[in-house]
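FYI, it's all coordinate maths here, none of it is from the lab. Just so you know, these numbers come straight off a predicted model, no measurement behind them. All Cβ positions, glycine included, derive from the backbone under ideal geometry; neighbour counts span all protein chains shown.
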């Protein structure tokens, strides 16, 4: 097994109660743990207490931890996660639990834990972590965990800065000496100009401040493409639709995704909602969809704000369009996807078709009064057009960025 000097340092010195690796994505943090986990489990084999592995969800645990361990050691030593949320790892029964909701860990409440591994700790519910602190109650109890940095107001950052018994190691992307230089350079390019560069490349706990899409606002023309240069056919065409309320806008955005995973904004429209009847909105909706069908092709899906079921049901009664509810993925996941596509040169806006979307992107800012990463929604920018845009591609986020 080849290890970097940073990984060797952790292997030799991480013997505190809390052993944490924080830092950039793809920096080698988790790879080392595929060898740390069996070492820790064997050290406490036969001793009193539970072995627990926690992550954001059971699904991410299976993908991030269990399957890579199986690839190294085989399914005899590392089983799949069973229906009762347990697996057998290196001769020990192990509880494998999602930590995004407090009720996920009720089954171990009151139990002593001799070893716990934590994946993506920043995504956990704070109450889960607080419960865990009281469960590592043996002299030999240990916790190993990894995280990507977040906002410096995050509860886990405050824990890392406390006087608890912590071994903390911080990584930048360049600490992974085994990654191809071309991959590192491309990843830096994708995140450049965003708070994600500070966090996922430099490994810093950085505030989200100012313009969200600074790279777009600074060089808008580079994202504009003439209609004659877009692909003749798309892998999919989808429409996002957000419903406005008092003092906000109804919005439509049509997005084409090419077979090479570039995203094309085909048309966008934002309309003041105040004073508009539902019948008038339905006419606007039909005209927008028919225009996309005429100019670009039939949409694979029309994703509407799921909060407005009465309007959605009326659309379904009066049209034969493929209308679905938006899934409303976390806003920051949608923002991250847009930033990555912009940074990698895969985000395109058709010329003279999307002025409302351009204005929304150029004026979107982080809320500097919020302790969390939050997009400002005070009427100073068109949030509705951004929501409609994101509904048009959120089903394809994993396909577009692979993570």
### Query
When the scattering of the range 5-200 is computed by the Debye formula from its Cα atoms alone, each counted once and equally, what is log10 I(q)/I(0) at q = 0.19 Å⁻¹?
-1.47
### Task
Choose one answer from 105, 195, 365: the residue with the largest mean-square fluctuation in a GNM of the chain with alpha-carbon springs under 10 Å.
105
### Query
Using a simple spin-label model with points 7 Å from Cα along the Cα→Cβ vector, what separation in nm is obtained for residue 174 and residue 80?
4.4 nm
### Query
If you line up the long axis of helix 309-318 against the longest principal axis of the chain, both from Cα atoms, how many degrees apart are they, to the nearest 10?
50 degrees
### Message
Applying a 10 Å radius around every beta-carbon, put 348-358, 69-79 in order of their mean neighbour count, most first.
### Response
348-358, 69-79
### Summary
Where a ≥ b ≥ c are root eigenvalues of the Cα gyration tensor, a/c under 1.5 meaning rounded, otherwise prolate if a/b exceeds b/c and oblate otherwise, the chain counts as prolate
### Message
Just to be sure I understand the curve: with the Debye formula and one point per C-alpha of the range 286-401, what is log10 I(q)/I(0) at q = 0.16, 0.21, 0.24 Å⁻¹?
### Response
-0.91, -1.43, -1.57
### Task
Before anything else, pin down the relative contact order of the range 214-401: Cα pairs under 8 Å, at least 6 apart, normalised by residue count, whole percent.
33 percent
### Message
Quick check: residue separation of residue 167 and residue 226 times 0.36 nm, minus the Cα distance between them. What number comes out in nm?
### Response
15.8 nm
### Query
So how far apart, in nm, are the two label points at residue 314 and residue 39 if each is 7 Å from Cα heading toward Cβ?
6.4 nm
### Query
Taking the chain as a Gaussian network, Cα atoms linked when under 10 Å apart, which of 166, 37, 293 shows the biggest mean-square fluctuation?
293
### Query
Between 283, 323, 65, which gets the highest mean-square fluctuation from a Gaussian network model of the chain, Cα cutoff 10 Å?
283
### Message
What whole-number distance in Å separates the alpha-carbon centres of the range 106-127 and the range 283-341?
### Response
39 Å
### Query
If contacts are Cα pairs under 8 angstrom and at least 6 residues apart, what is the relative contact order of the chain in percent?
17 percent
### Message
Please state the shape class of the range 169-316: rounded when a/c is under 1.5, otherwise prolate if a/b exceeds b/c and oblate if not, all from the C-alpha gyration tensor.
### Response
prolate
### Query
To the nearest 0.05, what FRET efficiency results for residue 282 and residue 331 with a Förster distance of 30 Å applied to their C-beta separation?
0.65
### Task
Would you mind classifying the range 243-322 by shape? Square roots of the alpha carbon gyration tensor eigenvalues, ordered a ≥ b ≥ c; an a/c under 1.5 is rounded, otherwise it is prolate if a/b is larger than b/c and oblate if not.
prolate
#### Entry: Segment residue 258-residue 300, length gained on full extension (0.36 nm per residue, minus Cα span)
13.8 nm
## Note on the structure
Residue span residue 17 to residue 3: 0.36 nm per residue of separation minus Cα-Cα distance leaves a gain in nm of 2.7 nm
### Task
Place the peptides 307-317, 168-178 in order of packing, highest mean first, counting for every residue the other Cβ atoms within 10 Å and averaging per peptide.
168-178, 307-317
